[in-house]
Each structure stands twice: as C-alpha cells, then as structure tokens.
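Take a look at the structure set out below.
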Amino acid sequence: MKSVSSKELLVLRTAKELKDGFYVNLGIGMPTLVSNHIPPGMDIIFQSENGILGMGPFPYQGEEDADLINAGKQTVTILPGASYFSSADSFAMIRGGHIDLTILGAMEVDQEGNLANWMIPGKLVKGMGGAMDLVAGAKKVVVMMQHVTKDGKSKVLKKCTLPFTGKKVVHRIITELAVMDVDYNSGKLVLKEYAPGVTVEDIKKATEAEFVVAPDLKEMEI
Amino acid sequence: MPIQKVVRDAREAILKAGVKDGATIMMGGFGLCGIPENSILALRDLGYKNLTVISNNAGVDDWGLGLLLQTRQIKKMVSTYVGENATFEKQFLDGTLELEFVPQGTFSERVRAGGAGIAGFFTPTGVGTIIAEGKETRIIDGKEYVLEKPLKAEFAFVKAYQGDKLGNLIYRMSARNFNPMMATAAKVTIAEVERLVEPGNLDPECVHTPGIYVKYIFEGKNYEKRIEQRTTRPKNS
C-alpha cells in the first residue's frame with residue numbers, strides 16, 4: 001500500500017462517508033479537505049450555511065468574487081444548478097433535516113454522543129457559528145478528528161468536560177486510528193474499523209470511553 | 001405626495017433616521033461579504049457611542065465593524081462568530097465590550113421572527129448546552145426544544161447589489177446572507193446599494209426584499225468589497 005500520513009488517512013476514510021446524491025455540509029478546517037476526494041462518478045451537492053447550495057471548487061486565479069465565499073470566508077465558485085438563499089432559509093434547510101450529512105471537527109466527543117467543539121472556558125471563545133444548528137439538524141453527524149490531543153490525552157471520552165455543542169447528536173467518530181459508532185441504546189461506542197497497522201489494544205489505550213468491538217470489525221478501507 | 005426614500009449618502013440617511021448614542025443596530029453581512037460599508041464608515045465619522053450591534057461577525061481589525069471597535073463605539077455585540085478580530089478580543093478580555101453568542105441558525109431565525117411578528121419559537125438547536133440555560137424547554141412529540149425569542153433593533157443597515165427608488169432590493173450571490181431578515185426587523189431600515197435604479201427596472205419576480213421594509217436608500221460609493229480568505233486554484237489544473 002502507498003504510504004499516507006495519518007491526516008491523509010483520516011481525510012480519505014472520511015470521504016467514504018459521502019454517498020451518491022447526498023447533500024452535504026462540511027465544517028471549517030480539516031472537514032473541508034474531504035471535498036477533494038469525492039469518489040468518481042458520484043454526485044454530491046455541497047451546502048454552505050452562508051447561503052449556497054451547489055458550491056464548487058476554489059476559483060481560478062483572477063476570477064475571485066468578493067460576493068461569493070463559503071462559511072470559512074474563502075472565495076469559492078458554484079456548479080451548474082446551484083442556488084443562493086438567505087441565512088434564515090439556509091438554517092431552515094439545516095434544522096429541518098434536509099442535509100444528509102455534516103462532517104465536523106471536535107475538541108472532545110463522548111460515548112453518549114455528546115460533542116464539544118466550540119469553547120474552552122476561561123479562554124477567549126470565538127463563537128459557535130452554525131455548528132450547534134448543524135448537529136441538531138443534519139440527518140447524520142460525523143466527527144473527524146485526531147484520536148488524542150497533542151499531549152496524548154484521549155479526545156474520545158466517557159463524558160465531555162468542555163461545554164457541549166450538542167447533546168446526543170453524534171452518529172460516527174472517525175479518527176486516524178478507528179471508526180466508532182455511537183450506540184444510543186447501550187450508551188457505549190462500537191468499534192467498527194481500525195486503521196491499517198493499528199490493533200484493538202492500541203485503540204483501547206487511546207480511548208477513555210467504553211466501547212465494544214463490532215462482530216464485523218474490519219480494517220479501514222481508503 | 002410621492003414616496004421619498006432616496007437620500008444622498010449614508011450620512012444623510014443616518015441623520016434622517018435619528019441614530020443616537022446607545023442605539024441598537026442590526027448590521028447585515030457574513031464576514032466582510034455583503035456588509036454595508038458606506039454606513040459603517042459614516043457611523044464611525046458621526047461618532048455615536050455605546051452602540052449595541054447585532055451582526056453575525058465583528059469584521060476584521062481594520063475593516064467592517066472592526067472600525068467601530070477601534071473607536072470604541074460599540075458597547076455590546078450580539079454575534080455568532082467573532083474569530084477574526086484581535087481588537088475585539090482585547091476589548092472583550094479587558095471587560096469593556098459585552099458579548100452575547102447566539103447559534104447562527106437561531107440568530108437568523110430570531111431576526112426573522114423579529115420582523116415577522118412571531119413572539120418566539122421552539123428550536124432543537126442548543127438543547128442540553130449552555131445556550132439553553134435559563135430558557136424554557138418543552139418536549140414536543142417526544143423531542144426536546146428550547147424557546148428562543150425574537151431579535152429586533154431600532155435601526156438596520158443592509159447592503160444590496162441593486163435597489164430601486166421604492167426600496168425594492170436584490171442581493172448578489174452569498175452577499176445576501178442576513179440582509180433580508182435584518183431589513184424586516186428594525187424600526188428604521190437603511191439600505192445601501194451598488195446600483196440604484198428607477199422603479200420598473202427590477203424584475204418583480206426577482207426582488208428579494210420588498211420595498212415596504214426599507215425607509216431610506218442610497219447608492220453607495222467606493223466599495224472595497226475586501227476578501228478575507230483569497231483561495232484560488234491554478235488555471236491549468
């Protein structure tokens with residue numbers, strides 16, 4: 001296998017969450033990179049919460065338009081069949097359950113499906129933007145993040161310590177080590193996939209949350 | 001007497017509207033996209049103090065609402081995200097600037113409700129978070145919601161691409177964002193446009209903001225339309 005960095009692995013695996021015909025909203029930062037890896041032959045329509053459905057790639061140099069930006073304030077383009085709308089319409093779309101998938105980063109996530117990604121008390125908070133609405137409204141909420149902090153502490157917890165972005169909202173957690181689903185019946189995580197070269201034991205060491213191993217556990221496909 | 005909404009510039013609009021120290025103001029725009037540039041500059045030059053500003057963001061240090069932060073004209077911001085502004089950070093940390101964070105969808109819906117005569121709405125956004133603290137919650141058909149109340153203002157400043165002399169507005173691309181709702185949610189709405197035309201020159205099918213919401217309108221000057229994140233791809237890709 002061609003060697004990939006853990007970040008590339010994370011992006012490539014997360015891109016597998018895209019399904020033909022999906023309307024998708026990608027969070028700012030690393031989730032945006034997922035749009036570079038749409039599986040061939042698939043039609044994916046990207047929504048940007050500042051009022052675009054059918055967002056395209058970055059413009060060619062010299063063709064940037066200040067009136068056309070994404071939620072990360074980056075210049076973008078639109079694809080044929082796109083539409084523009086107000087922020088109220090945009091969040092009606094989001095809250096109303098019309099977005100098939102949202103992919104967001106996280107500071108912490110826990111086995112009850114709680115997500116924390118907007119605030120560290122005592123430090124300046126930048127604001128939640130549209131994250132609370134996205135996790136409350138999208139049909140599927142996928143968290144993509146590094147499994148542990150820079151200090152080696154698990155980000156997959158029994159209970160989030162930071163203020164929640166959403167309570168019981170996460171469906172799937174994808175990290176450079178594993179894919180885990182939230183089981184809302186048992187209140188535990190289910191380990192579905194492990195990264196190439198990673199053992200269940202490695203994942204246990206990096207995970208504070210309780211998890212069970214899925215009967216059909218398999219290696220991540222990227 | 002014919003309806004007279006057209007004014008010469010932002011300064012005249014602001015003076016006619018009767019903006020005062022301590023006013024509550026809505027300001028359209030997402031980041032620096034679709035912000036009422038002329039009105040912000042005129043508010044700075046007229047020097048009103050202790051403003052409460054309801055706007056998604058707070059501009060950057062040297063443009064947009066950042067200009068009114070530099071001059072310490074803003075007492076309180078109601079926003080969803082303020083990450084791009086060091087002046088903001090400094091004033092917030094030294095306690096001279098108040099801040100209320102609102103989730104973006106709740107923010108836009110509260111403004112919409114403010115203009116639409118809706119006294120409040122139950123939303124799933126923020127349930128179980130600090131946003132819901134102290135607010136009424138209710139289980140409806142088995143799902144929990146939090147009650148959010150409308151946002152209104154004394155003045156709204158919006159920016160559109162085209163407008164006619166009756167106040168009908170058409171926005172351009174993602175510069176629409178919060179402008180249409182804000183135009184409805186203030187006692188006095190001031191619209192600045194890049195192109196002001198005679199009534200009849202806008203397609204009624206394409207009007208985003210009907211003129212009833214707009215009290216004063218003018219054609220703005222010297223739009224800079226700054227780009228925060230200039231991202232491109234090479235031509236040969």
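Details
- Over segment A:98-222, equivalent-ellipsoid semi-axes from the Cα gyration tensor in Å: 23, 17, 13
- Estimated FRET transfer efficiency (A:Asn185, B:Lys90; beta-carbon r; R0 60 Å; 0.05): 0.80
- Peptide-level mean, for A:44-50, of C-beta atoms on other protein chains within 10 Å: 3
- Pairwise centroid distance, computed over Cα atoms, of segment A:165-222 with segment B:127-156, Å: 33
- Length, then width, then depth: along the principal axes, the Cα atoms of segment B:1-78 run 43, 26, 20 Å.
- The percentage of C-alpha pairs in segment B:176-237 whose separation is greater than 20 Å is 45%.
- Cα-Cα over 20 Å, subset of A:Lys168/A:Lys205; B:Lys5/B:Lys187; A:Lys153/A:Lys205; A:Lys19/A:Lys168: A:Lys168/A:Lys205; A:Lys19/A:Lys168
- Pair-distance profile P(r), taking every C-alpha pair of chain A, with 5 angstrom steps and integer %: 1, 7, 14, 18, 19, 16, 12, 7, 3, 1, 0
- Selected from A:Ile44, B:Met173, B:Val82, residue furthest toward positive end of dipole (the protein assembly as shown; charges at beta carbon): B:Val82
- Relative contact order of segment B:188-237, pairs being alpha-carbon contacts under 8 Å that are 6 or more residues apart, as %: 51
- Diffusion constant of segment A:122-185 at 10 °C, which comes from Stokes-Einstein with the Kirkwood Cα-pair radius and 1.306 mPa s, µm²/s: 119
- Under 10 Å, Cβ to Cβ, from B:Ile74 - net charge with Lys/Arg +1 and Asp/Glu -1: +3
- Qualifying aspartates and glutamates (Cα of each under 19 Å from Cα of B:Lys165; at least 8 residues distant if same chain): B:Asp9, B:Glu12, B:Glu192, B:Glu194, B:Glu198, B:Asp203, B:Glu205, B:Glu219
- The tail of the calculated P(r) for segment A:163-212 beyond 15 Å holds 45 percent of all Cα-Cα pairs.
- Considering chain B, its Cα convex hull presents a mean projected area of 16.6 nm².
- Computed from point charges on the beta carbon alone (+1 for Lys and Arg, -1 for Asp and Glu), the dipole magnitude for segment B:52-109 about its Cα centre is near 180 Debye.
- Considering only Cα atoms, the convex hull volume of the protein assembly as shown works out to 161 Å³ per residue.
- Within the protein assembly as shown: Cβ-based charge dipole about Cα centre, in debye rounded to nearest 20 (Lys, Arg +1; Asp, Glu -1): 740
- Dipole check for segment B:134-237: with +1 at the C-beta of Lys and Arg, -1 at the C-beta of Asp and Glu, and the Cα centre as origin, the magnitude is about 420 Debye.
- Inter-chain shielding of A:79-89 (mean C-beta neighbours from other protein chains, 10 Å cut-off): 6
- Averaged over the residues of peptide B:186-194, the number of Cβ atoms from other protein chains lying within 10 Å of each residue's Cβ is 0.
- Highest average packing first - A:133-141, B:55-63, Cβ atoms within 10 Å: A:133-141, B:55-63
- Calculated FRET value between B:Lys75 and B:Leu46, using beta carbons and R₀ = 25 Å, to 0.05: 0.95
Values in this text are rule-based calculations from the coordinates and carry no lab data. What you see is a predicted model; the values in this text were computed from it and never measured. Here the Cβ is made from the backbone with ideal geometry for all residues, glycine too, and neighbour counts use every protein chain on show.
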